[in-house]
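We did not get these values from a lab; they are worked out from the coordinates using the rules stated. The shown structure was predicted, so the numbers you read here are calculated from the model rather than taken from an experiment. Ideal geometry is used to build each Cβ from the backbone, glycine not excepted, and the neighbour counts take in all protein chains shown.
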Amino acid sequence: MGKNTGVILGGAAAVILALWLLPFWLFVVLLIGIPVAGYLMLDPSQRRKLRNRRNRQIGP
């Protein structure tokens, strides 16, 4: 099992455990809030790099 596989399995286990233990509304708030908080903690230059990476498309 590779390093990434272990991280993915651990994340899936954490999500299943949180869904089981937390009320649904709190689970949804965390599911949306954690990535948003991570994005807001980036520098403006890091946000620009992320936007540029997201805007690139393969093909014509």
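Structure above, values below:
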item: Low-density loop positions, trypsin sites (Lys or Arg not before Pro), the stretch 10-60 - DSSP coil, at most 13 other Cβ in 10 Å; result: Arg56
item: The chain: calculated mean residue ellipticity at 222 nm from DSSP helix runs of at least 4, using -39500 (n - 2.57); result: -26500 deg cm²/dmol
item: Label of the coordinate-derived value, Cα extents along the principal axes in Å, listed as (1) 47, 19, 11; (2) 43, 31, 24; (3) 31, 29, 22; result: (2)
item: Charge dipole of the chain about the Cα centre (unit charges at C-beta), most positive-ward option of Ala12, Ile34, Asn55; result: Asn55
item: Cα centre as origin, Lys/Arg/Asp/Glu Cβ charges: the chain dipole, Debye; result: 460
